[in-house]
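What follows is a short report on a single structure.
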Amino acid sequence: MKILTLISLFWVLSAQASPKVEKDLATFRVKVAEMRAQFDKQPGNAQDREWVKAKLQHMVDVDQYLRGLPAVTQQNQYTEEEKQVFFREYFQEFQAIDSRHTGDFKKLLKTHGWFKISVWGETADENAWLLTQHADQDPAFQNEVLNILEKLWPAKETQPKRYAFLWDRVAYSAQNPSQRKLQRYGTQGDCNRVTKKWERAPVEDPEQLEARRKLMGISESLSEQQSRADQVCSMF
């Protein structure tokens with residue numbers, strides 16, 4: 001789920017709600033509220049390293065729960081009309097949660113700088129990267145972080161593959177396709193609404209794509225990535 005953008009999916013304003021969809025969306029909202037309430041039981045202290053790590057993990061947990069939600073459309077055998085209603089509402093929730101996370105994460109980053117592996121550990125670095133990767137509503141911020149990671153990955157303070165994924169994310173420019181340029185590592189694409197297949201965005205020097213991915217520590221092959229992404233797209 002980490003690499004896909006859902007911006008173009010099923011924005012249908014005329015479809016009507018159904019009890020099934022309303023129930024699933026209500027369950028989602030309750031779950032997110034419970035996750036937040038549970039985290040908020042911890043005293044908030046942006047100077048406390050353990051609290052900051054927990055805050056990063058909490059935001060990622062909500063992020064991944066959000067991005068796993070479309071599976072209910074298959075599990076509960078939605079009709080096409082029900083899918084349209086679901087994704088109309090889901091997209092609004094999707095934007096609101098990502099925006100909230102980006103704002104909270106930027107405050108932490110302003111206080112602590114990047115969450116270097118040598119100081120914060122591998123998990124904090126990964127969580128910080130994921131929150132940046134999903135900050136598509138703030139492309140200037142993503143580009144700012146990209147410049148930071150460009151200096152950190154050679155020093156092993158972040159994984160090179162995280163720099164590679166973010167490089168492609170910035171190049172893909174999900175919020176402004178007119179600014180889109182060729183990606184370098186083949187990590188970004190979108191679901192084709194007709195074929196239900198994932199389509200990789202154009203890549204620079206495609207003959208050397210696998211070699212570039214290997215150099216940056218991306219272990220997943222192009223075929224494995226395609227298969228995984230196709231499974232996700234089949235839900236829409």
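Laboratory data are not the source of any read-out in this text; all were calculated from the coordinates shown. Just so it is clear, the model here is predicted, and its values are computed rather than measured. FYI the Cβ positions are ideal-geometry reconstructions off the backbone, even for glycines, and counts take in every protein chain you see.
Brief remarks follow.
- Counting 0.36 nm for each residue step from Lys196 to Thr27 and taking away their Cα separation leaves a gain of 58.2 nm.
- Hydrodynamic radius (Kirkwood) for the chain, which is based on Cα pairs only, to one decimal in Å: 18.9
- Two-site label geometry, Asn176 and Lys41: point separation in nm, points 7 Å out along Cα→Cβ: 4.4
- Once the Cβ-Cβ distance of Trp51 and Gln231 is raised to the sixth power relative to R0 = 35 Å, the FRET efficiency obtained is 0.45.
- Distance distribution note for the stretch 104-236: the fraction of Cα pairs above 21 angstrom is 44%.
- Length gained on full extension, Leu215 to Gln95, computed as 0.36 nm times the residue gap minus the Cα-Cα distance: 39.9 nm.
- HN-Hα J in Hz across the stretch 124-139 - Karplus 6.51, -1.76, 1.60, θ = phi - 60°, x for Gly and Pro: 4, 4, 5, 5, 4, 4, 4, 5, 5, 4, 9, 8, 5, 6, 10, x
- Centre-to-centre separation between the Cα atoms of the stretch 97-176 and those of the stretch 33-83: 19 Å.
- Choice from Gln95, Gln77, Gln225 with maximal GNM fluctuation in the chain (Cα, 10 Å cutoff): Gln77
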